[in-house]
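Data first, discussion second: the structure below is written as structure tokens.
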Amino acid sequence: MSQPEYQRVDSPDASTVFEYHDLTPPTTADVYRARQTLRDHLPETPLVRSEWLSREYDAEVYLKREDTLPTGSFKIRGVATVLAGLDEAFRDQGVVTASTGNYGRALAQAARWFDTEAVVAVPEGTGQNRIDGIERLGGRIEVVGDDYDDSAEWAADLAAEEGYRYVHPGNERLVMAGTGTAGLEIAESLPEVDVVLGPVGAGSIGAGYPLSVGSVTDADVIGVQAASVDAAYRAWQTGELTPQDEANTFADGIAARVPYALPVRVMREQLDEMYTVSEEEIVETVAAMFREERIMMEGACAPPFAILDELRDELAGKTVAIPVTGRNLPASKVEQVMALQ
């Protein structure tokens, strides 16, 4: 039987979108609906006070341990929300995405839960432990392209040619809604929270947290990006969706050189502030978190922690929450971090 064909449509950014991609911004109600969807699949993650950071910054600093989720990353929240509502035609054929690791692991895990096939395109140089993690969950790996965005274009081509559902790296309203469920957990556990800091890559945290904890508490939500891959930051400032030529950063989980229309739109409307941090600060922060907290977090987790020095005066006396977004640091980068201990 021939597979259904789904047409590419004019994209508002430099990525590929299909007719089934709904570019309507999600709402806080969507985040609550996503929580209902995820209840049977994901536990609530711990929110733990950091004695070290609280003392260091004269604040009450809490860590939202998203790294304890199945697959070791927050991304399972958003991807599982998308796959839970997958049309039957897509469930029969399968889903495809591009990833440097965590999004692919999430897709493979969610595909298991919802009984479909997952194909994951990864760029050359992806850590073997990340590839192994996807394959152990049943995902089919295709190594294509020099970087994440090259892999994304390959994944979109496969979706067009063979009828797979392309789970977009940024323009997925249900991914943002699912990601925002962590914000609801922060709000319920810590309603007095004043500031929430989160990393920004494709933008699901930068969009999802303002719609959740930012909407139901008085907290300011602040995004932080790697300065070397700051396309989303520049788009947030100007509204122009201009891609970068390269995406080289230790924080490879947030190394998207294309700013995506839907999360940028939400962030420009909802995010209170956004900053960038240097490569040196990112690596030093990962090393410091292991040294002081014994948390081996990914580089993608580091930007919100790395900006704390700059915000020291603003945060003094306040209650702050920061997600630890993932634990799947490639072996070569573990060695780099351990060399700084």
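The values are calculated or read from the model by the stated rules, or taken from the named source; none is laboratory data. The shown structure was predicted, so the numbers you read here are calculated from the model rather than taken from an experiment. Because the Cβ atoms are built from the backbone with ideal geometry, glycine has one as well, and the counts that use them run over all protein chains shown.
Conditions tested, residue by residue: (1) part of a helix (DSSP H, G or I); (2) under 23 Å from Ser204 (Cβ atoms); (3) modelled with pLDDT under 95.
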position	(1), (2), (3)
Asp40	no, yes, yes
Leu53	yes, no, no
Glu56	yes, no, no
Tyr62	no, yes, no
Asp67	yes, yes, no
Ile76	yes, yes, no
Being touching a residue at least 40 places away in the same chain (Cβ under 8 Å), crowded, with 20+ Cβ neighbours inside 10 Å and not in a loop (DSSP other than H, G, I, E, B) is the filter here; which residues of the range 211-230 pass it? Leu211, Val213, Gly214, Val221, Ile222, Gly223, Val224, Gln225, Ala226
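Which one is surrounded by the fewest Cβ atoms within 10 Å (Cβ to Cβ), of the residues in the range 190-210 that are touching a helix residue (DSSP H, G or I) at 6+ places or on another chain (Cβ under 7 Å) and part of a loop (DSSP other than H, G, I, E, B)?
Val193
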Where in the range 257-341 are there helices (runs of 4 or more DSSP H), lying wholly inside it, with at least 1 residues that are aromatic (Phe, Trp, Tyr) and surrounded by fewer than 20 Cβ atoms within 10 Å (Cβ to Cβ)? 279-293
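Based on this model, can you work out whether Arg130 counts as at pLDDT 95 or above, more than 17 Å from Tyr20 (Cβ to Cβ) and of a type in the set (Lys, Arg)? Outline the logic, then answer.
Numbers: at pLDDT 95 or above: no; more than 17 Å from Tyr20 (Cβ to Cβ): yes; of a type in the set (Lys, Arg): yes.
No; evaluated as a whole, the condition is false for this residue.
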Among the residues of the range 91-120, which ones are in a helix (DSSP H, G or I) and surrounded by fewer than 24 Cβ atoms within 10 Å (Cβ to Cβ)? Arg91, Asp92, Gln93, Arg112, Trp113
For residues that are surrounded by fewer than 21 Cβ atoms within 10 Å (Cβ to Cβ) and acidic (Asp, Glu), scanning just the range 231-252, find the one that is modelled with the lowest pLDDT. Glu246
If you check every pair at least six apart or on different chains, which have Cβ atoms under 7 Å apart with a residue in the range 322-335 that is modelled with pLDDT of 90 or more first and a residue that is charged (D, E, K, R) and surrounded by fewer than 21 Cβ atoms within 10 Å (Cβ to Cβ) second? Val324/Arg65
Tell me whether the range 24-46 contains one or more residues that are touching a Lys or Arg at 6+ places or on another chain (Cβ under 7 Å), among the charged types (D, E, K, R) and surrounded by fewer than 14 Cβ atoms within 10 Å (Cβ to Cβ). no
Just to be sure I understand, how many residues within the range 81-106 are within 22 Å of Tyr209 (Cα to Cα) and more than 13 Å from the chain's Cα centre (by Cα)? 5
Filter the range 1-52 for residues that are touching a residue at least 12 places away in the same chain (Cβ under 8 Å), assigned by TED's automatic domain parsing to the domain that holds Val264 and more than 23 Å from the chain's Cα centre (by Cα) and give the result. Trp52
Matching residues in the range 12-38 - criterion: being part of a loop (DSSP other than H, G, I, E, B) and not charged (D, E, K, R): Pro12, Ala14, Ser15, Thr16, Tyr20, His21, Leu23, Thr24, Pro25, Pro26, Thr27
